[in-house]
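Enquirer: To start, I am sharing the structure in question, which I have written as C-alpha cells.
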Amino acid sequence: MIKAAFFDIDGTLVSFKTHRIPVSTIQALAGLRRKGIKVFVASGRHKLSMNNLGNETFDGYVTLNGGLCLIGNRIIYKHHLPVSDMNTLILYLETSKAFPCVFIQENTLSINYMDTNTQETFRLLNFPEPPICPLKAIEDKIFYQLLGFFRQEEEQQIMSLLPNCRATRWNPLFTDIIPTETSKRVGISKILEYFGIAPEEIIAFGDGGNDIEMLRYAGIGVAMGNAADEVKQIADYVTTGVDNNGIAQALQHFNLIET
C-alpha cells in the first residue's frame with residue numbers, strides 16, 4: 001500500500017518549456033491527497049529557489065539532493081559539505097582555474113561570477129540568479145551544495161580536489177556537488193523515519209541522474225518519458241513526459257488516483 005509520493009521538480013513536476021506544473025499533475029496531486037497519500041518534493045533545489053511550484057504545498061521537502069530536509073519550514077535533517085574540501089576548491093578557483101560556482105548555505109545562495117553558461121542555465125530552469133559574492137567573503141563558511149559550471153570531461157580532474165564530495169550531474173552545463181554521504185535516498189529515509197513510513201510504501205518520480213538512487217530505494221520508482229536513458233533503465237516503470245501528463249498517467253496505471 002502506497003502511503004507517500006516523492007517528486008523531483010525540474011523535468012518531473014515542472015515543465016522545462018512552461019516552467020509550471022501541468023494542470024494534469026496538479027489534479028493528480030489533489031487525487032493523491034484525497035486518498036490520504038502524503039506528497040513530498042525531492043529536489044536538488046534549495047527551498048529558496050523553488051519558485052516554480054505555483055500554489056502547491058507539500059507535506060515535506062527533501063532539498064539540495066538530501067542535504068537539507070524540511071517539514072514545513074522546520075529542518076529535520078542536514079548534512080554539510082566538508083569545510084576542508086570547500087577551502088581547497090576556493091583556493092583552486094582563486095589561483096588555478098576559475099569557473100562559475102553557486103555556493104549554497106542554509107539560508108542563502110551566492111555565485112562567484114556569471115557567464116553565458118550560467119545565464120543559459122538560469123533561463124532554462126527559470127532559476128533566480130544568486131547575488132555575486134567574492135570568494136574571500138565565503139571562506140570557512142558552511143555549504144550544503146555547490147553548482148559547479150564545468151563540463152563532463154573536466155569533472156574527474158576537478159572532483160579529485162574534493163575527496164569527500166561527489167558530483168551528481170543532470171545537466172551538461174553543470175553538476176551538483178554534494179557530500180559523499182548525501183543523496184535524495186538518504187534525505188527520503190529521514191522523512192520516512194519522521195512519519196513512520198517504509199520505503200516499500202512509497203512511489204518516487206524523477207528524470208535525472210541525481211534521481212537514480214531514490215528510484216531504486218522506492219517501492220515503485222517511476223522515470224519520466226523525458227528522463228535520461230540510465231534513469232529509465234533502473235526504473236520500475238517509465239511513464240510519458242512531463243508535458244504529456246506523465247505523472248497522472250503513472251498514478252492511474254498504479255491505481256493511485258481515479259481515472
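What follows draws every value from the coordinates through simple rules; no lab data is involved. All of these numbers come straight from a predicted model, not from anything done at the bench.
Enquirer: Using just the helices of the chain, give the 222 nm mean residue ellipticity in deg cm²/dmol: DSSP H runs with n ≥ 4 each add -39,500 (n - 2.57), and the total is spread over all residues, rounded to 500. Please report the intermediate quantities before stating the final value.
Expert: Values: 8 runs with 75 residues, N = 259.
Only helices count here, giving -8500 deg cm²/dmol.
Enquirer: Over the chain, what is the percentage of antiparallel beta bridges among all DSSP beta bridges, to the nearest 5?
Expert: Numbers: 22 of 41 bridges.
Roughly 55 percent of the beta bridges in the chain run antiparallel, per DSSP.
Enquirer: Now a separate question. Antiparallel as a % of all DSSP beta bridges within region 1-154, to the nearest 5? Before the final figure, lay out the partial values.
Expert: Working: 14 of 23 bridges.
DSSP beta bridges in region 1-154 are roughly 60 percent antiparallel.
Enquirer: Please determine, in degrees from 0 to 90 and to the nearest 10, the orientation of helix 23-34 with respect to the longest principal axis defined by the Cα atoms of the chain, where the helix direction is its Cα long axis.
Expert: Between helix and principal axis, roughly 70 degrees.
Enquirer: Let me ask something else about it. Compute the angle between helix 184-195 and the longest alpha-carbon principal axis of the chain, please, reported from 0 to 90 degrees and rounded to the nearest 10.
Expert: 50
Enquirer: Counting pairwise Cα distances across region 112-243, what percent come out greater than 20 angstrom?
Expert: 57
Enquirer: Past 27 Å, Cα to Cα, is the threshold; run 3/232; 3/190; 97/232; 97/141 against it and keep the listed order. Intermediate values should be presented prior to the final figure.
Expert: Values: 3/232 23 Å; 3/190 15 Å; 97/232 35 Å; 97/141 21 Å.
Exceeds cut-off: 97/232.
Enquirer: Report the Cα centroid-to-centroid distance between region 173-213 and region 141-170 in angstrom, as an integer.
Expert: Centre-to-centre distance over Cα atoms comes out at 19 Å.
Enquirer: To the nearest whole percent, what portion of all C-alpha pairs in the chain is separated by more than 29 angstrom? Let's see the in-between values first.
Expert: Numbers: 9092 of 33411 pairs.
Everything past 29 Å amounts to 27 percent.
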